[in-house]
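Okay, structure first, notes after.
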Amino acid sequence: MQLPVIDLQPFLQNNLIAARPLRQSDFEDLYRAAYDPLIWEQHPNKNRWQLKDFENYFSGAMQSGGALLVSDANTREVIGSSRYSDYKADTNSVSIGYTFFKRSHWGSGYNYALKRLMLDHIFQYVDAVTFYIGAVNKRSQISIERFGAIKTGEEETAYFGESAKLDFIYTITHDQWQILNLTK
């Protein structure tokens, strides 16, 4: 059986977000966006704002083959990143995660706009999407539940170059996503 060709680094845009494949040359701009301890206070690694930890995060992003640089569609300012990862052929599923935004773009629809673009795109290829969210990351748990994702498990997860931490696993299926889109 031949695996489907999935575009894990698309160019995505709407009225708020412009997302494109992350490049090595984006390091400085993305680090500038990430350099705020409060961004990371609920993430599994609270030190990603520090250069050494951010270098590890960025290296993992580059190696993932699914990382996106996220900019404000109007100002073109780099405001964060997200990525697709962990395609599983047996369940035809992929994960979305490692998302962060500058605090200036919290609570104003940017995360929702990005996740909507990413889900619309990836559901052309897969049957389900999982989100691994730190057990202490209440903001992200609430946010993903608003999309209709359902908590399906808990797992110790070791992120790229980091020690394992407890994650809650959320899942949304293609069919659930279609139903949600029909009701909006």
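If you take the residues of region 19-29 that are in contact with a strand residue (DSSP E or B) (Cβ under 6 Å, 6 or more places away or on another chain) and buried (at least 16 other Cβ atoms within 10 Å of the Cβ), which of them is farthest from S81 (Cα to Cα)? Among those that are in contact with a strand residue (DSSP E or B) (Cβ under 6 Å, 6 or more places away or on another chain) and buried (at least 16 other Cβ atoms within 10 Å of the Cβ), it is D26.
Just to be sure, is D127 surrounded by fewer than 14 Cβ atoms within 10 Å (Cβ to Cβ), in contact with a helix residue (DSSP H, G or I) (Cβ under 6 Å, 6 or more places away or on another chain) and of a type outside the set (A, V, I, L, M)? Yes. Within region 76-91, being of a type in the set (G, A, S) and in a strand (DSSP E or B) holds for G80, S81, S82, S85. If you check A135, A89 for being surrounded by fewer than 18 Cβ atoms within 10 Å (Cβ to Cβ), small (G, A, S), closer than 20 Å to N45 by Cβ and out of contact with any Pro (no Cβ under 6 Å at 6 or more places or on another chain), only one passes: A135. Report, by residue number, each residue of region 123-148 that is under 14 Å from the mean Cα position of the chain (by Cα), part of a loop (DSSP other than H, G, I, E, B) and either closer than 19 Å to T91 by Cα or of a type in the set (A, V, I, L, M, F, W, C) (or both). Listed by number, the list holds a single entry, F147.
Applying the condition of being part of a loop (DSSP other than H, G, I, E, B) and out of contact with any helix residue (DSSP H, G or I) (no Cβ under 6 Å at 6 or more places or on another chain) to region 92-122 and asking which residue is surrounded by the fewest Cβ atoms within 10 Å (Cβ to Cβ) yields G107.
Among the residues of region 59-78, the one identified as closer than 24 Å to A135 by Cα and touching a helix residue (DSSP H, G or I) at 6+ places or on another chain (Cβ under 6 Å) is A67. Filtering L8, L16 for residues that are at pLDDT below 95 and surrounded by 18 or more Cβ atoms within 10 Å (Cβ to Cβ) leaves a single hit, L8. Among the conditions (1) closer than 25 Å to Y170 by Cα; (2) of a type outside the set (G, A, S); (3) without any contact (Cβ under 8 Å) to a residue 24 or more places away in the chain, the only one that T91 does not satisfy is (3). When every residue of region 68-75 is checked against the conditions, at least one turns out to be β-branched (V, I, T) and either part of a helix (DSSP H, G or I) or in contact with a strand residue (DSSP E or B) (Cβ under 6 Å, 6 or more places away or on another chain) (or both).
Residue-by-condition table, conditions (1) under 15 Å from the mean Cα position of the chain (by Cα); (2) over 24 Å from N181 (Cα atoms); (3) modelled with pLDDT of 90 or more; (4) among the acidic types (D, E):
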{"residue": "F27", "(1), (2), (3), (4)": "no, yes, yes, no"}
{"residue": "W40", "(1), (2), (3), (4)": "yes, yes, no, no"}
{"residue": "G66", "(1), (2), (3), (4)": "yes, yes, yes, no"}
{"residue": "I96", "(1), (2), (3), (4)": "yes, no, yes, no"}
{"residue": "N111", "(1), (2), (3), (4)": "yes, no, yes, no"}
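The values are calculated or read from the model by the stated rules, or taken from the named source; none is laboratory data. Here the structure is a predicted model, which is why all the values come from computation and not from measurement. Every residue, glycine as well, gets a Cβ built from its backbone with ideal geometry; the counts of neighbours run over all protein chains shown.
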